[in-house]
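First comes the structure, then the notes that go with it.
The values are calculated or read from the model by the stated rules, or taken from the named source; none is laboratory data. This structure is a prediction, so every number in the text was calculated from the model and none was measured. Cβ placement follows ideal geometry from the backbone for every residue including glycine, while neighbour counts extend to all protein chains displayed. Quick note on the areas: whole protein, heavy atoms, side chains included, nothing else; ligands and nucleic acids left out. Shrake-Rupley method; radii C 1.70, N 1.55, O 1.52, S 1.80 Å.
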Amino acid sequence: MLKIVAATHNTGKLKEIKEKIKDYPIELISLLDYPQIPEIEEKGNTFYENALLKATAVSRFTKLPALADDSGLEIDYLDGKPGIYSARWGNSDEERIRRVLKALERVSDTERTARFICVMCLVIPENKIFSAEGICIGYIVSTPQGSSGFGYDPIFKPKGYNLTFSQLEVKTKNKMSHRARALDKIVPLIVSYFHLA
Ligand code: ITT
């Protein structure tokens with residue numbers, strides 16, 4: 001059994017990652033199992049830099065392969081904001097959503113285009129780094145809809161669906177979300193490197 005630490009406290013991300021690796025002999029633990037790990041400052045300028053920072057810090061601390069996810073929402077009308085600042089856009093999901101909707105008040109449907117980006121990075125201590133990016137395009141609705149998922153899910157409709165991430169079935173989001181796409185690239189690299197299949 002391969003033990004990997006997910007370098008995250010975000011239970012929404014964890015669920016989605018677990019679902020994608022469930023058929024492999026991987027035990028996924030997370031920062032919730034290491035309350036003593038100091039807060040990692042996300043001081044990078046890109047999703048990749050922040051994912052690498054998180055995975056490197058956690059692999060050093062735990063001496064285990066560490067998988068980090070840095071992700072966020074880029075809104076065209078806001079010149080790509082909140083982007084890498086998506087988690088810091090407010091103190092709770094509700095506050096972050098309110099701030100986005102306020103910034104898009106009276107903005108027409110055609111100008112509400114956005115994309116979710118996810119960069120996943122696996123650091124194997126003193127050995128190797130794997131990374132992968134996934135993007136999901138769509139637009140921001142004007143009122144939150146649905147109750148599943150996490151973060152900005154209630155206000156994001158992926159292109160080609162007339163439902164928000166929060167209204168879609170969990171398994172549908174996990175087929176085409178930014179995170180699903182990044183995982184679909186990085187999981188085979190992990191499986192092959194550790195001979196898991
Ligand atoms: P960790 O750093 O502990 O992994 P975090 O929530 O702080 O958790 P990020 O720094 O990567 O994660 O910030 C990502 C932000 O983008 C955060 O506010 C998420 O809620 C949001 N986000 C990322 N993926 C999302 C998704 O699939 N659905 C909704 N919101 C998402």
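Could I have the simple spin-label model distance between A197 and Y34, label points 7 Å from Cα toward Cβ, reported in nm to one decimal?
About 2.7 nm, to one decimal.
Rounded to the nearest 0.05, what FRET efficiency is calculated for S148 and N45 with R0 set to 35 Å and r the Cβ-Cβ distance?
Details: r = 32 Å, r/R0 = 0.92.
It comes out at approximately 0.65.
Which order do the peptides 72-80, 178-186, 40-48, 102-110 take when ranked by the mean count of other beta-carbon atoms within 10 Å per residue, highest first? Spell out each step's value before the answer.
Working: 72-80: 18.1, 178-186: 21.3, 40-48: 14.3, 102-110: 10.6.
Taking the mean over residues of other Cβ atoms within 10 Å, the ranking is 178-186, 72-80, 40-48, 102-110.
Keeping all protein chains in place, calculate the accessible area per residue for the chain (probe 1.4 angstrom), answer in Å². Walk me through the numbers on the way to the answer.
Numbers: 10290 Å² over 197 residues.
Normalised by residue count, the accessible surface of the chain is 52 Å².
Would you mind calculating the relative contact order of the range 1-125 from Cα pairs under 8 angstrom and at least 6 residues apart, reporting the percent as a whole number? Before the final figure, lay out the partial values.
Working: 193 pairs, mean separation 35.5, N = 125.
It comes to 28 percent, rounded to a whole number.
If you take the charge dipole of the range 50-115 about its Cα centre, with +1 on Lys and Arg Cβ and -1 on Asp and Glu Cβ, which of Y77, A57, V100 is farthest toward its positive end?
A57
Over the range 69-197, what is the percentage of antiparallel beta bridges among all DSSP beta bridges, to the nearest 5? Spell out each step's value before the answer.
Details: 24 of 24 bridges.
Approximately 100 percent, going by the DSSP bridge assignments.
So how tilted is helix 47-62 from the main axis of the chain? Cα-based, degrees 0 to 90, rounded to 10.
On a 0 to 90 degree scale, this one is about 30.
Charges only on Cβ, +1 for Lys and Arg, -1 for Asp and Glu: so what's the dipole of the range 1-101 about the Cα centre, in debye to the nearest 20? The partial results should precede the final answer.
Working: 15 positive and 17 negative charges, 53 e Å.
Charge dipole, the range 1-101, about its Cα centre: 260 debye, nearest 20.
With only Lys, Arg, Asp and Glu charged, each at its Cβ (+1 for the first two, -1 for the last two), find how big the charge dipole of the chain is about the Cα centre; round to the nearest 20 debye. Can you show the working numbers first?
Numbers: 28 positive and 25 negative charges, 54 e Å.
The dipole of the chain has a size of about 260 debye.
If you place +1 on the Cβ of every Lys and Arg and -1 on the Cβ of every Asp and Glu, how big does the dipole about the Cα centre of the range 51-135 come out, in debye to the nearest 20?
On the way: 13 positive and 13 negative charges, 63 e Å.
Taking the Cα centre of the range 51-135 as origin, the dipole is about 300 debye.
Could you check how much of the accessible area of the range 36-158 is carbon and sulfur, as a whole percent, using a 1.4 Å probe? The partial results should precede the final answer.
On the way: 3050 of 6240 Å².
About 49 percent, which is the carbon plus sulfur part of the accessible surface.
Please give me the summed charge of the neighbours of R60: other residues whose Cβ is under 14 Å from its Cβ, Lys and Arg +1, Asp and Glu -1. It would help to have the intermediate numbers written out before the result.
On the way: positive: K54, K63; negative: E126.
So the environment of R60 carries a net charge of +1.
Quick one: angle between helix 178-193 and the longest Cα principal axis of the chain, in degrees between 0 and 90, rounded to 10, please.
It works out to around 10 degrees.
Put +1 on the Cβ of each Lys and Arg and -1 on the Cβ of each Asp and Glu in the range 67-192; which of A132, W89, Q167 then has its Cα farthest toward the positive end of the dipole?
Most positive-ward Cα: Q167.
Provide the solvent-accessible area of M176, counting protein heavy atoms only and rolling a 1.4 Å probe, rounded to the nearest 10 Å².
Here the residue's solvent-accessible area equals roughly 20 Å².
Suppose we look only past 24 Å in the calculated P(r) of the range 30-187. What percent of the Cα-Cα pairs does that tail hold?
Tail fraction, whole percent: 36.
At 0.36 nm per residue, and after removing the present C-alpha to C-alpha distance, how many nm does the segment from Y24 to N91 gain when stretched out fully?
Details: separation 67, 0.36 × 67 = 24.12 nm, distance 3.58 nm.
Answer, rounded to one decimal: 20.5 nm.
State the Cα centre-to-centre distance between the range 1-71 and the range 95-155 in whole Å.
19
So which lysines can K3 reach, going by Cα to Cα under 27 Å and dropping same-chain residues fewer than 8 places off?
The reachable lysines, counting only those whose Cα sits under 27 Å from K3, are K13, K15, K18, K20, K22, K54, K63, K128, K171, K173, K175, K185.
Which loop GluC sites (Glu not before Pro) in the range 119-197, with loop taken from DSSP, have no more than 13 other Cβ atoms within 10 angstrom of their Cβ?
Values: sites: E126, E133, E169; in loops: E126, E169.
For GluC sites (Glu not before Pro) across the range 119-197 that sit outside H, G, I, E and B with at most 13 neighbouring Cβ atoms in 10 Å, the list reads E126, E169.
Helix 93-103 versus the longest principal axis of the chain: what angle, 0 to 90°, nearest 10, using Cα atoms?
So the helix axis and the longest Cα principal axis differ by about 40 degrees.
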